[in-house]
1. Please find, within segment 68-89, the residue that is surrounded by the most Cβ atoms within 10 Å (Cβ to Cβ) out of those that are touching a helix residue (DSSP H, G or I) at 6+ places or on another chain (Cβ under 9 Å) and more than 21 Å from Q6 (Cβ to Cβ).
2. Please verify whether segment 81-91 includes one or more residues that are assigned by TED's automatic domain parsing to the domain that holds M1, under 28 Å from the mean Cα position of the chain (by Cα), of a type in the set (K, R) and at pLDDT below 80.
Amino acid sequence: MDYTTQQASEIFGVSRPTITAWAKEFSDYLGALTNPGQGAHRKFSQDDLGVLALIAEMKSIGMTNDSIHASLKSGERREVDNNKVMAIITTGSPAGARMLDQIVSLQGEKRDLELELARLRGEQSGQVSLLQQQLREANERIIELSVKVSALESGRSSIT
């Protein structure tokens, strides 16, 4: 999916002219549609948003363009908050708002299930440790009893 300059500006909380300036300054790291010919509209891909996210982050902490270029050249990118992207895209759309609510609900369910899975794994790990200890104790008892049986058998054979 492609995003407009307006959507990109809303996602990163900066003005449209700022997005345009970033698209020009950092064009080497962005797709061709971010700097189209005269009269055409800019379009930003998901990969482009990763570049813009890094630029926005670094600019917010006062990094220079040279530092940002160096980071981008080394392949550094940032993840984009998909909830924020969805909220921007669905603005004004009742169906989109319902989908966003469903996404948030499903993310909550996913988090709950992950916590339950972690709890069960911890519980299972404790049970495995207990069973291993019981097995060790049983093996030790078998060895003790085997020694006693051997001693009894050797005592019985010396009597007969």
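The values are calculated or read from the model by the stated rules, or taken from the named source; none is laboratory data. On a predicted model such as this, the values are computed, not experimentally measured, just so you know. Please note: Cβ atoms are built from the backbone with ideal geometry, for glycine as well, and neighbour counts cover all protein chains shown.
1. I68
2. yes
Rundown of residues vs (1) at pLDDT 85 or above; (2) over 39 Å from the mean Cα position of the chain (by Cα); (3) not β-branched (V, I, T), yes/no style:
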{"position": "Q124", "(1), (2), (3)": "no, no, yes"}
{"position": "Q132", "(1), (2), (3)": "yes, no, yes"}
{"position": "R136", "(1), (2), (3)": "yes, yes, yes"}
{"position": "E140", "(1), (2), (3)": "yes, yes, yes"}
{"position": "I143", "(1), (2), (3)": "yes, yes, no"}
{"position": "S146", "(1), (2), (3)": "yes, yes, yes"}
{"position": "E153", "(1), (2), (3)": "no, yes, yes"}
